[in-house]
Amino acid sequence: MSARPSGPADEDIDDGFVPQRGSRASMGRWLTAVVLTAVAVALLSSAVLIETFARAHAERRAVQSLRQVGMDFRDALDRGMAQQFKEVRVLARLDTFRGGNSAEMRRALDQMQIGFDHFAWLGVTDTQGTVLAAAGGLLDGVNVSQRPWFQGAQRQPYVGDVHAAVLLERLLPRQSDPWRFVDFAMPLVDNSGQLRGVFGAHLSWSWARQIKSELIDSTMASHQADALILARDGSVILGPANMEGKKLPVPKDTTAALRHHNFDGVDYFAVTIPTQGYGAYPGLGWTVMVRQPVSVALEDYYRLRRQIFYTALILLALAVPLCWWQARRLARPLNQLSRAIAKRHHLSEDALPQVGGYREAAVLSHALTELARRQAQQDASLAQLNASLEERVRSRTLELEDAMQRQEASERRLRTITDNLPVLISYIDAEQRLRFLNATFRTWLGTEPDAALGRTLVETIGPVLYEQRLPALKGALAGVRQRFETRSESNGVVRDLLTEYVPDLRADGTVAGVYTLSTDVTAFKQVERELDQLSRVDPLTGLPNRRQFDQRLSEALSRARRSGRILALMFMDLDRFKQINDSLGHAAGDVVLQTFAARVRGAVRETDVLCRLAGDEFVLIVENLNEPQEAGNLAQKLLDAVGAPLTVMGAAVRMSTSIGVACTTADAESDVAFLARADDALYAAKAAGRGRWHLAAPPVIASTETPWG
Ligand SMILES: Nc1nc2c(ncn2[C@@H]2O[C@H](COP(=O)(O)OP(=O)(O)OP(=O)(O)O)[C@@H](O)[C@H]2O)c(=O)[nH]1
C-alpha cells in the first residue's frame, strides 16, 4: 500500500483533471450528437437543393407549357381576325354594294350571313350614315353616323375593338352572354374614287370564345389552365364570366417568363403574350394571358417535396441508432481509459489498462501509462523535495526566530545601556533628520525622543544651537570624525558638552548619517577651572603666583602701551630672611612671609597687584602713574609699612625688605626685560645696604623717542 503523495500536482488531478461523472457529456454522446448533426445538415442541404431544383424545374415546365398554349391561342386569334378582316374587305368590293338598290344589297347580305355566321350584323350605309340595307333587315333606315365604325371607315378600312351591343341588343335573339362585337367597316368608293357609302360588319365576339374553347379548354381543362384576352387598357375582354370587363395589369415586358397573379384568393402562374396582327389586319393591341393555379402547376413538385421530407425523416431515424452504435464503438477505448483514470485518486497510482480498438486509442493508452509512470517518479521526488524544503523552512524559521530574539535582546541591551548613560546619543541621517535618540534627550531637553524622531536637527534644537554645531555636522557628513566642546543652556540648565560626531560610512564610502555622542563634562570643567585657579595662586600667602604674575604683567604692559601711562614694577626681597628661618624655624618664617604680604597689600591700592614669585621674592605691579617719582614714593611707603615691629612666636622679629623699582611706558621693552631691570634695581638696593629702594635706569631704546626720566 503506497502512501498517497500530496502536493500541487495532486490537487490538480483530484479537483480539476477528473470531473465528476455526469458533470460533462461523454465523448460517445458528443460523437453521436456531432455525427447526427452532420447527417441532419447533409440531409437538409440535399433536401433544400433538390427542392430548389425541383421547384425551378416545375416552374420552368409550367412556363413552357403555358407559353406554348398562349402562343397558339395568340396565333389563332391573329389569324382568325385577319381572316375576318380579309373576308369583309372582299365582300365590300362586290359591285352590288356600289350603286345597287337596297333589295339587291339585302339579298346579298342575307346570303353572306348564312355563309359567315360569325357576323351578327352585315349592312351598308349611305354617305350620311343611314343604313341602306342590312342582313335580316336589322337597323334598316337607322342612322349610324355616330357609330365609331362608320366614322372610322370614311377613308380607310376600320377595325374596332370589342364593345357591347348598342343598337342591336334589342333586335338580336337573346343569349346567355350579352352581345359583343368586333366592328369591321370598309369605305365604298366608286370608280372615280368617290365615297358612296360604308360597308359594316359586326363580328360576334362569341367567335373568339369558340376559338378559345376549341384551342384551350379542350386541352387545358385537365390542367385547370385558362386563357384570357386583355384589351389594350388591361380590361378582360375574354375570360371567365366573373372577370370580363375587369382590369388586370398588363406587363410591358411580355417576354418575361412567369408571373403571379391572384384572383379571388387563388394564386396563379400566368404567361402573357401580346397579339401582333396578321397580314393587312393591324391588330388591336390585345394581350393573351394563359394562367394556371400555382397549386396545380406545382402539384408534382409538392408531391416530390413530401417524398423528400419523409425520406429524410426516415434516413434520420435510421441514422440515430447507427450513429449511436458507431460512436459508442469509437469512444469505448477512451471510455475505458477515462473510467480507469476517474477511479484513481492520483494519476500515478495503479497501472492503466491497455485498451484495444483503433491505433490512436492504443497510442493514447501507451502514452498515458508512460505519463503515469513519469508522474509517479516526479511525485516521489517532489514529495522528497517537499519534505526537505519543509525541514529547511522549519530550521530556517527557528534560526530566524532565534536571530530575531537575539536581535531584540541586543537592541534592548543597547537601548538600556544608551538610555542609562549620561550621554546624549543620537543618529542623524544624511538629510539631517533625527532617526534615533536615547532617553538622555528627554532628561536634558524635556522632550520625548519619539516626538523628535523624523524631525530635522534645526527644528529640534533651534537655530542658535544648530549654528554652533553646523560646521562639525558638515564635516561629519563629509566623512570626517568631529570632536568639539560647547557650552549651552537647555531646559534651564547650563551644560558643558563634549560632543563627538562619528560618520556612518557605507561600504562604498558614502556617508549614510552621523552618530552623535554628547557627554556632559560640566563637572570636569568646574574642577579644571578650580585647578587652574589653584595653579595660579600661592597657597601660603594667597597671592597670585609666578604663573599668574606673567599673565598679569603682560596684560598691564598692554594696557600701559594703549594708555601711555607709566607702569611701575617693584621687585621686593626680604632682607636676611634665611636667618629668621634658621633662628626661629620654618613655620615662623612662613608667618613672616604671610605678614609681609599682608602689610604690603595693606599699603597699596586695591588695583595694584602683589604677586609672590618664589621664596621671599615678591613683585608689585603698579599702573597708571604720572611720573617715576610716584613709584619711589610708594616704595618708600612700603619700606615703612614692612618695617613696623613684629613678634613671631614670642620673639621680636625685625622685618625689612629691599625694593628694585623699574618704570616703563614704552612698547619697545618686553616683560622679561622689564622684570630684569627691576631685578637689577633690587640687586643694587641689596648691594647698597638693604632696607632701601633703588630706581632702575630707564630702558635702552633704539629709537629717537625720549623715555621718561
Ligand atoms: N620659612 C620659609 N622659608 C623660606 C621659604 N621659601 C624660602 N625660604 C627660605 O628663605 C631663605 C632665603 O634666603 P635668601 O634670600 O637667599 O637670603 P637672605 O637670608 O634673605 O639674605 P639676603 O636676601 O641677602 O638679605 C632661604 O633660607 C630659604 O630656605 C618659605 O616658604 N618659608
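The table below lists the values:
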| read-out | value |
| --- | --- |
| Considering residues of segment 670-709 that are surrounded by fewer than 12 Cβ atoms within 10 Å (Cβ to Cβ), of a type in the set (Val, Ile, Thr) and not assigned by TED's automatic domain parsing to the domain that holds PHE577 only, the residue modelled with the highest pLDDT | VAL700 |
| Residue tally, condition of a type in the set (S, T, N, Q) and farther than 10 Å from ARG180 by Cβ, over segment 199-218 | 3 |
| Of all residues making up segment 591-628, the number that are assigned to a loop (DSSP other than H, G, I, E, B) and either open to solvent by 40 Å² or more (accessible area, probe 1.4 Å) or away from the ligand (no atom under 11 Å from the Cβ) (or both) | 8 |
| Flag if GLU500 is assigned by TED's automatic domain parsing to the domain that holds THR519, of a type outside the set (S, T, N, Q) and open to solvent by less than 50 Å² (accessible area, probe 1.4 Å) | yes |
| Every pair of residues 6+ apart whose Cβ atoms lie under 9 Å, when the first sits in segment 597-624 and is closer than 14 Å to LEU638 by Cα while the second is small (Gly, Ala, Ser) and within 12 Å of the ligand (Cβ to nearest atom) | LEU610/ALA597; PHE618/ALA597 |
| Segment 629-669, residues that are of a type in the set (Asp, Glu) and open to solvent by 30 Å² or more (accessible area, probe 1.4 Å) | GLU630, ASP640, ASP667 |
| Those residues of segment 560-590 which are more than 8 Å from the ligand (Cβ to nearest atom), surrounded by 17 or more Cβ atoms within 10 Å (Cβ to Cβ) and either among the acidic types (Asp, Glu) or part of a helix (DSSP H, G or I) (or both), in sequence order | ALA560, LEU584 |
| Filtered residues of segment 509-543 (kept if within 16 Å of the ligand (Cβ to nearest atom) and of a type outside the set (Ser, Thr, Tyr)) | VAL537, ASP538, PRO539, LEU540, GLY542, LEU543 |
| Failed item in (1) within 16 Å of the ligand (Cβ to nearest atom); (2) modelled with pLDDT of 95 or more; (3) open to solvent by 20 Å² or more (accessible area, probe 1.4 Å), with ARG483 passing the rest | (1) |
| Odd one out for ARG196, checked against (1) at pLDDT 85 or above; (2) open to solvent by less than 80 Å² (accessible area, probe 1.4 Å) | (2) |
| Selected residue [in the same structural domain as GLN432 (by TED's automatic domain parsing), farther than 30 Å from LEU569 by Cα and surrounded by 16 or more Cβ atoms within 10 Å (Cβ to Cβ)] from THR510, THR522, THR516 | THR516 |
| Residue within segment 560-582 that is in contact (Cβ under 8 Å) with a residue 60 or more places away in the chain and closer than 30 Å to GLY475 by Cα present | no |
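The values are calculated or read from the model by the stated rules, or taken from the named source; none is laboratory data. Please read all numbers here as calculations on a predicted model, not as lab measurements. Here the Cβ is made from the backbone with ideal geometry for all residues, glycine too, and neighbour counts use every protein chain on show. Accessible surface areas use protein heavy atoms only, side chains included; no ligands, DNA or RNA. Shrake-Rupley method; radii C 1.70, N 1.55, O 1.52, S 1.80 Å.
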